[in-house]
Amino acid sequence: MALSSSFSLPSISKIDHAKKTLRPWSNDGSKQRFDFPLTSSKTELFGHQLVTVGAHLHKSWSFLGGLRVTMRPRHESIVPLRKISRVYASWLASSQMASTAFTFGTTSVLPFYALMVLAPKAELTKISMESSIPYIMLGVLYAYLLYLSWTPETLQLIFASKYWLPELPGIGRMFSNEMTLASAWIHLLVVDLFAARQVFRDGLDNEIETRHSVSLCLFFCPVGIVTHVITKALTKNAGSSGTRNMH
């Protein structure tokens, strides 16, 4: 592909373009050809990058037209943008997948918490709490996200210290990846739901109120467990005091 541009100058002694100087030439009517590098131009065409490097200048002289200089590109190359597009598409797909997994995991556990809080003694709630389906589904999702987020640096970031122990800067760097963060969130949802189920079952077996503790297990699991332990201790003390008063 050749591009050309022309311009006319009445009289010139030198041209300084792109920090390159052209010295005067003789006006004997003969055509001269000389090369000098110009700033490369870039054009995007059909998903490719067209790069023009350097140019040819052709000079001719006529009595009526004066000096006429024609510039033609010397070299053109097409640089495909496929690599950049692939990297961007991969990052976009990874970000969308992490967001989808985050939303799916969060919404999938909410019905179980709703049953334990709103209908703790219903038969449907008891059957749901005996099922292992939610743990299997979330476990498979977690394993898949862990596989996608795994990099050669993962183990180095986890065991960053010389004693093969995790360090906070390394863990923070590891969780800067959205896919890793989504897998960690699924991990927390599974552990929290399992702990909430244990609290719920213990409440049914010992006839203890667990709705407040189960609710806390959703986002503050350790607090929910501590709350259940305190509630259980207070309930036992109240029961023992009532029994003594009866006697």
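In the stretch 132-179, counting only helices (runs of 4 or more DSSP H) that sit wholly within it, the ones holding 2 or more residues that are under 18 Å from the mean Cα position of the chain (by Cα) span 133-149, 168-174.
Being out of contact with any strand residue (DSSP E or B) (no Cβ under 8 Å at 6 or more places or on another chain), surrounded by 19 or more Cβ atoms within 10 Å (Cβ to Cβ) and either farther than 21 Å from Ser131 by Cα or of a type in the set (Gly, Ala, Ser) (or both) narrows it down to one of Thr210, Thr180, so name that one. One residue alone meets the criteria, Thr180. Which residues, taken from the stretch 133-175, are at pLDDT 90 or above and of a type in the set (Val, Ile, Thr)? Within the stretch 133-175, Ile133, Ile136, Val140 meet the criteria.
Number of residues in the stretch 204-220 that are in a helix (DSSP H, G or I) and at pLDDT below 95 equals 5. Checked against the criterion of being under 17 Å from Met179 (Cβ atoms) and at pLDDT 80 or above, the stretch 106-127 has at least one qualifying residue.
Among Leu115, Leu124, which is the only one that is farther than 30 Å from Arg173 by Cα and surrounded by 15 or more Cβ atoms within 10 Å (Cβ to Cβ)?
Working: Leu124 fails: surrounded by 15 or more Cβ atoms within 10 Å (Cβ to Cβ).
Going through Leu115, Leu124 in turn, just one is farther than 30 Å from Arg173 by Cα and surrounded by 15 or more Cβ atoms within 10 Å (Cβ to Cβ): Leu115.
Return yes when Val190 is modelled with pLDDT of 90 or more, in contact with a Cys (Cβ under 8 Å, 6 or more places away or on another chain) and in the same structural domain as Thr100 (by TED's automatic domain parsing) and no when it is not.
On the way: modelled with pLDDT of 90 or more: yes; in contact with a Cys (Cβ under 8 Å, 6 or more places away or on another chain): no; in the same structural domain as Thr100 (by TED's automatic domain parsing): yes.
So Val190 does not fit the description; no.
The values are calculated or read from the model by the stated rules, or taken from the named source; none is laboratory data. Here the structure is a predicted model, which means the values were calculated and not measured. Ideal geometry is used to build each Cβ from the backbone, glycine not excepted, and the neighbour counts take in all protein chains shown.
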